[in-house]
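Heads up: the structure comes next, in structure tokens.
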């Protein structure tokens, strides 16, 4: 693919390397939208199964594919991304839940890391679902090396799969995901193991497990090998988050042991309010605003705009990139909630962008 090809006009040919749950879902979703998908996996039988189920058209790696997804365990991603960049002419992304290692290892303008915040209790290709990413957040982690065309291409494709695009620096992503994904899994595993140990003494314990216990420990059913890899790759952020959790549990323990009811009430009320105010799936408001801004001629400018939106909590519900006739500059057009337009415009101005805002209602 010509690296100056605007996002949205690329040939609809893609590769998926790794045909497990997420890779298989990506392949199914692309195929359902008319892409010709080629796939690779360490298990040849899985490639055959993916062809039979219609996830991919053929096995192998298409050198002329405009986009390649690397969907393998995190520790294998850097080398496989480098292989994909060397073997293809298009853009490359990945779906691993740890981003800093691959960002440090790959400094090619055709690479943009990614992480779809989606999954299933099911394992492998049998659990693949073409609708898995609809309404999900898909984090992109561009670096200074990532070209605007690369970022825009990956963002457009994952948006077409139904996901909300959020951009974050790789290290920031890893710190946040340690709190909202990695440590919750370990906490669920610890609670489930504790219940299992006590169940050996009290056979009725697990029979008494109510909905809350089942909901909290559901994620402990995830594939253990995958989580060993995640813990190794994101060790510093996970250890920091575990330390914070242990400290918080210690505070709660002291409040319970000392019968500090006011302290408990404050903590539980704060937690309840925070849980109620968690953002749900993206819902398009009837009152929308269109934000247009020229993409400055500097590396990573388009990604910087999306990163700013994430920092300010601005939901980008749709976007387009237009390129000038000379091909040197582009215009980024974003659709956001009108109530957030002043905040977003101010943030853009503060960073040297020149936005214009038009309310659509």
State, as an integer percentage, the relative contact order of the chain based on alpha-carbon contacts under 8 Å between residues 6 or more apart. 15 percent
Treating every alpha carbon of the range 173-276 as one equal point scatterer without solvent, the Debye formula yields log10 I(q)/I(0) values at q = 0.11, 0.13, 0.23 Å⁻¹ of -0.44, -0.62, -1.28
Using the beta-carbon distance between residue 126 and residue 262 and R0 = 41 Å, what value does 1/(1 + (r/R0)^6) give for FRET efficiency, to the nearest 0.05? 0.20
Give the whole-number value, in cubic angstrom per residue, of the convex hull volume spanned by the C-alpha atoms of the range 42-182. 112 Å³
Antiparallel versus total DSSP beta bridges in the chain: what percent is that, nearest 5? 55 percent
For a quick size check, give me the Cα extents of the chain along its three principal axes, largest first, whole Å. 72, 53, 36
A correct fewest-to-most ranking of 192, 53 by other Cβ atoms within 10 Å would be 53, 192
Taking springs between alpha-carbon atoms closer than 10 angstrom, which of 81, 91, 157 fluctuates most in the Gaussian network model of the chain? 157
What distance in nm separates the simple spin-label points at residue 359 and residue 251, each placed 7 Å from Cα in the Cβ direction? 4.1 nm
How much of the DSSP bridge set in the range 13-168 is antiparallel, in percent, rounded to the nearest 5? 15 percent
Once you place label points 7 Å from the Cα toward the Cβ at residue 272 and residue 75, how far apart are they in nm? 4.5 nm
Tail fraction, Cα-Cα pairs, the range 76-131, threshold 18 Å, whole percent: 41 percent
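Laboratory data are not the source of any read-out in this text; all were calculated from the coordinates shown. Keep in mind that what you see is a predicted model, and the values were worked out from it rather than measured. All Cβ positions, glycine included, derive from the backbone under ideal geometry; neighbour counts span all protein chains shown.
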